[in-house]
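What follows is calculated from the coordinates using simple rules that are stated; it is not laboratory data. In this text the structure is predicted, and so the values were computed from the model without any measurement. Every residue, glycine as well, gets a Cβ built from its backbone with ideal geometry; the counts of neighbours run over all protein chains shown.
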């Protein structure tokens, strides 16, 4: 069962995504909304991979990184084999250190996709 922080972060991510997509483009609010969306994404992804790590470790395996946790989660059937899992991790790494390393449109598409998969994960467990 996913932990409460993952559920809360997912709700925050959905809220940030809905607010951001409703903001008029080229405004100060758009930039603030974009930065809030990045942070909500970072948190949700962090809690997600740590939740998968916890489940993998409950199976008696050790993982030390987000990508290793996702690989083992896929192998164990805990999460579906989504070809974008590693793109999500890479985008988090880019956004955490370089908020301008990915286009807003590309990031929005990635976050929308991740949100759909995270919702499936939460409903599965």
**Cα principal axis extents for segment 4-124, largest first, Å** = 50, 27, 21
**Prompt:** Can you sort 9, 65 so the residue with the fewest Cβ neighbours within 10 Å comes first?
**Reply:** 65, 9
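What does the helix-only formula give at 222 nm for the chain: each DSSP H stretch with n ≥ 4 adding -39500 (n - 2.57), the total divided by the residues, and the result rounded to the nearest 500 deg cm²/dmol?
That comes out to -25500 deg cm²/dmol.
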**Asked** FRET efficiency for residue 30 and residue 122, Cβ-Cβ distance as r, R0 = 35 Å, nearest 0.05?
**Response** 0.80
**Complete:** Computed over the chain: longest principal axis from alpha-carbon atoms vs helix 104-124 long axis, angle to nearest 10 degrees, is 40
**Request:** Take 64, 111 and order them by how many other Cβ atoms sit within 10 Å, fewest up front.
**Result:** 64, 111
**Request:** Can you tell me the relative contact order of segment 4-124? Whole percent, Cα pairs under 8 Å, sequence separation 6 or more.
**Result:** 26
**Item:** In degrees, nearest ten, helix 28-58 long axis to first principal axis of the chain (Cα)
**Value:** 0
